[in-house]
Amino acid sequence: MRSNLFAPENQEQESAQPGLRLQNGKMLKVELNGDCLARQGSMVAFQGQVHFEALGSGGIGNFLKQQFTGEGVPLMKISGRGDVFLADAASDVHLIDLEGSDDALTINGKNVLAFEPSLSYDIAMVQGAGSMSGAGLFNCVFRGRGRLAITCKGSPVVLDVDQPTYADPQAAIAWSAGLQVGVHRADQLGLGTLLGRTTGEAFTMGFAGRGFVIVQPSEEVPVSGVAGQGSGQQAGQSGVGGVLGSFLR
């Protein structure tokens, strides 16, 4: 049988070390020898002796926070030995290695695909955003040492915050947790006539300090709910794309 489907780039990618790696730009391969945490509904194939267990939002504390904030990652625990393939609506997949207790990443919950259990995960109010809403605005924060897989719609730009930096809240998917974050009305920045014609946005996010901001080339049109909810199949469609969630509706 002949087909370009059987080209080397489409064959299963092998590695001598267990862990998270890219099968291709839109699929994550978990070479499992122990445990891994992943978004519920993100499994597209697996081989070997693998067990899946629903975990809600990653512990009772985060479950309660998710019920209050609307933010979080519906998780499943993957355990055993074998290969597990994960994806989320053909979004691009990127790997990030956190390298210690001082390394922390703030990320939109709907962009989390999988992570190693050595990382700690919490739901926290976005710094500088609480004054804009009585309920506050929330995102996921990862700390520790380990690998994290995130999804992005299209090839992102990673902005080095070496000067005042601003991003559309529907497009900023992650940033260094140590950055100072502010939420500004579009008219305060002279953008009132430029933003919001398609997504109804009234705000932009400002970043200062030392670190980076990851911005995807896609604006999620708010529909309902808050980013991070739903299964791997639903979160990219029914959740709000930006960290501001339903507040921007």
Next on the checklist: Condition first: at pLDDT below 90, open to solvent by less than 40 Å² (accessible area, probe 1.4 Å) and small (Gly, Ala, Ser). Can you find one or more residues in the range 187-197 that meet it?
Outcome noted: yes
Next on the checklist: I need the full set of residues from the range 7-38 which are assigned to a loop (DSSP other than H, G, I, E, B), of a type in the set (S, T, N, Q) and open to solvent by less than 60 Å² (accessible area, probe 1.4 Å), in order please.
Outcome noted: GLN13, SER15
Next on the checklist: So if I check each of GLY48, GLY100, GLY82, GLY61, which one is modelled with pLDDT under 90, more than 28 Å from SER218 (Cα to Cα) and part of a strand (DSSP E or B)?
Outcome noted: GLY100
Checklist entry - Can you tell me which residue in the range 198-217 is modelled with the lowest pLDDT, limited to those that are open to solvent by less than 30 Å² (accessible area, probe 1.4 Å) and of a type outside the set (A, V, I, L, M)? => result THR199
Checklist entry - Taking the range 144-168 as the region of interest, how many residues are open to solvent by 30 Å² or more (accessible area, probe 1.4 Å) and either among the aromatic types (Phe, Trp, Tyr) or in a strand (DSSP E or B) (or both)? => result 7
Next on the checklist: Among the numbered criteria (1) in contact with a strand residue (DSSP E or B) (Cβ under 7 Å, 6 or more places away or on another chain); (2) surrounded by 15 or more Cβ atoms within 10 Å (Cβ to Cβ), which one does GLY41 miss?
Outcome noted: (1)
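Residues checked against (1) of a type in the set (Ser, Thr, Tyr); (2) in contact with a strand residue (DSSP E or B) (Cβ under 6 Å, 6 or more places away or on another chain); (3) modelled with pLDDT under 60; (4) on the phi > 0 side of the Ramachandran plot:
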{"site": "ALA172", "(1), (2), (3), (4)": "no, yes, no, no"}
{"site": "GLN180", "(1), (2), (3), (4)": "no, yes, no, no"}
{"site": "HIS184", "(1), (2), (3), (4)": "no, yes, no, no"}
{"site": "ALA235", "(1), (2), (3), (4)": "no, no, yes, no"}
{"site": "GLY242", "(1), (2), (3), (4)": "no, no, yes, no"}
{"site": "SER246", "(1), (2), (3), (4)": "yes, no, yes, no"}
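The values are calculated or read from the model by the stated rules, or taken from the named source; none is laboratory data. Being a predicted model, the structure only gives us computed values, none of them experimental. So basically every Cβ, Gly included, is an ideal-geometry build from the backbone, and we count neighbours across all protein chains shown. All accessible areas refer to the heavy atoms of the entire protein, side chains included, with ligands and DNA or RNA removed. Shrake-Rupley method; radii C 1.70, N 1.55, O 1.52, S 1.80 Å.
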